[in-house]
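Participant: Okay, here's the structure, questions in a sec.
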Amino acid sequence: MNNRTFAMIKPDAVRNGHMGKILDRIIEADFKILGAKLIRMTKAQAEGFYAIHRERPFFQELTTFMSSGKTMVLALEKDDAVSAWRDTIGATNPSEAADGTIRKDFATSLGENAVHGADSDENSVIEIGFFFTNNELISNQ
Ligand code: UDP
Ligand code: MG
């Protein structure tokens, strides 16, 4: 069980003015923010980040969307962080997301679903490393 996970506030949520409200949800759920950056992902970065999905039919749509505007990338800390964050964001498809989850409240559609969460400890380490160097992660507070 890892105490870190990787999260993103996706371009739809930033565009729709939900970035602050989602940061509030993160803090209210007792995650510590170890690192946060507002970036505009390139298409190539999005393709690299989502390489595991490259054979899926939604790959082009997903990587075009993820490079369409600002994304906030976040390294979060909490006990059992990966599953705690997946519980906080809800199901991939907002129509299946539980009440009170971020995707239920802020997602636009299956593709434009407001937030990302790493799906395993192993991937959280890889994904944090994709956007942050170690000395950008501030854990002493
Ligand atoms: N996605 C999509 N169509 C699908 C499944 C996924 O556009 O049928 C997008 C959606 O933005 C999702 C991302 O691809 O968040 C990654 O898919 P994954 O199955 O890993 O879902 P997640 O881990 O984000 O819940
Ligand atoms: Mg996933």
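The values are calculated or read from the model by the stated rules, or taken from the named source; none is laboratory data. Model, not experiment: these values are computed from the prediction. In this analysis, Cβ positions are derived from the backbone assuming ideal geometry, glycine residues included, and neighbour counts consider all displayed protein chains. All accessible areas refer to the heavy atoms of the entire protein, side chains included, with ligands and DNA or RNA removed. Shrake-Rupley method; radii C 1.70, N 1.55, O 1.52, S 1.80 Å.
Participant: Mind listing which chymotrypsin sites (Phe, Trp or Tyr not before Pro) in the range 12-107 are in a DSSP loop and have 15 or fewer other Cβ atoms within 10 Å? Walk me through the numbers on the way to the answer.
Facilitator: On the way: sites: PHE31, PHE49, TYR50, PHE58, PHE59, PHE65, TRP85, PHE106; in loops: PHE31, TYR50, PHE58.
Counting only loop positions with at most 15 other Cβ atoms within 10 Å, the chymotrypsin sites (Phe, Trp or Tyr not before Pro) in the range 12-107 are PHE58.
Participant: What full-extension length gain, to one decimal in nm, is calculated for ILE52 and ILE138 as 0.36 nm per residue of separation minus the Cα-Cα distance? Provide the component values of the computation, followed by the final result.
Facilitator: Values: separation 86, 0.36 × 86 = 30.96 nm, distance 2.86 nm.
Gain on extension, ILE52 to ILE138, equals 28.1 nm.
Participant: Still on this structure, please answer the following. Taking the Cα centre as origin and putting +1 on Lys and Arg beta-carbons and -1 on Asp and Glu beta-carbons, what dipole magnitude results for the chain, to the nearest 20 debye?
Facilitator: Values: 16 positive and 20 negative charges, 114 e Å.
In debye, rounded to 20, the chain gives about 540.
Participant: Sort out for me the Cα centre separation of the range 1-53 from the range 101-141, rounded to whole Å.
Facilitator: 5 Å
Participant: May I ask you to give the solvent-accessible area per residue for the chain, in square angstrom, as obtained with a 1.4 angstrom probe? The partial results should precede the final answer.
Facilitator: Working: 7360 Å² over 141 residues.
So the chain comes to 52 Å² accessible per residue, rounded to a whole number.
Participant: Using a Gaussian network model on the chain with a 10 Å cutoff between Cα atoms, which of ILE128, ILE89, ILE27 fluctuates the most?
Facilitator: Fluctuation is largest for ILE27.
Participant: Related question: From the residues THR71, ALA91, ILE52, which one has its Cα farthest along the dipole of the range 8-139 in the positive direction, the dipole being from +1 and -1 charges on Cβ of Lys/Arg and Asp/Glu about the Cα centre?
Facilitator: Positive-end residue among those listed: THR71.
Participant: On to the next question. Just ARG25, ARG40, ARG56 to compare: in a GNM of the chain, with alpha carbon springs under 10 Å, which one fluctuates most?
Facilitator: ARG56
Participant: For LYS78, what is the net charge nearby, where nearby means another residue's Cβ is under 9 Å from its Cβ and Lys, Arg count +1, Asp, Glu -1? Don't jump to the answer; show the numbers that get you there.
Facilitator: On the way: positive: ARG4, LYS32; negative: ASP30, GLU77, ASP79, ASP80.
Taking every other residue near LYS78 into account, the sum is -2.
Participant: Given the Cα-Cα distance of LYS32 and ASP121 and 0.36 nm per residue of separation, how much length would full extension add, in nm?
Facilitator: On the way: separation 89, 0.36 × 89 = 32.04 nm, distance 1.68 nm.
Going from the current span to full extension adds 30.4 nm.
Participant: While we're here: For the chain, give the percent of accessible area contributed by carbon and sulfur heavy atoms, probe 1.4 Å, rounded to a whole number. Each step should come with its number before you reach the end.
Facilitator: Numbers: 3610 of 7360 Å².
C and S fraction of accessible area: 49 percent.
Participant: Now for a separate question. Please give, to one decimal in nm, the separation of the simple spin-label points placed at ARG40 and ASP87, each 7 Å out from Cα toward the Cβ.
Facilitator: Those two pseudo-labels are separated by 3.8 nm.
Participant: When the chain is treated as a GNM, springs tying every alpha-carbon pair under 10 Å, which of PRO94, PRO57, PRO11 comes out with the largest mean-square fluctuation?
Facilitator: Among PRO94, PRO57, PRO11, the largest GNM mean-square fluctuation belongs to PRO57.
Participant: Counting pairs of alpha carbon atoms under 8 Å apart in space and at least six apart in sequence, what relative contact order in percent does the chain give? Provide the component values of the computation, followed by the final result.
Facilitator: Details: 249 pairs, mean separation 53.6, N = 141.
Over the chain, the number comes to 38 percent.
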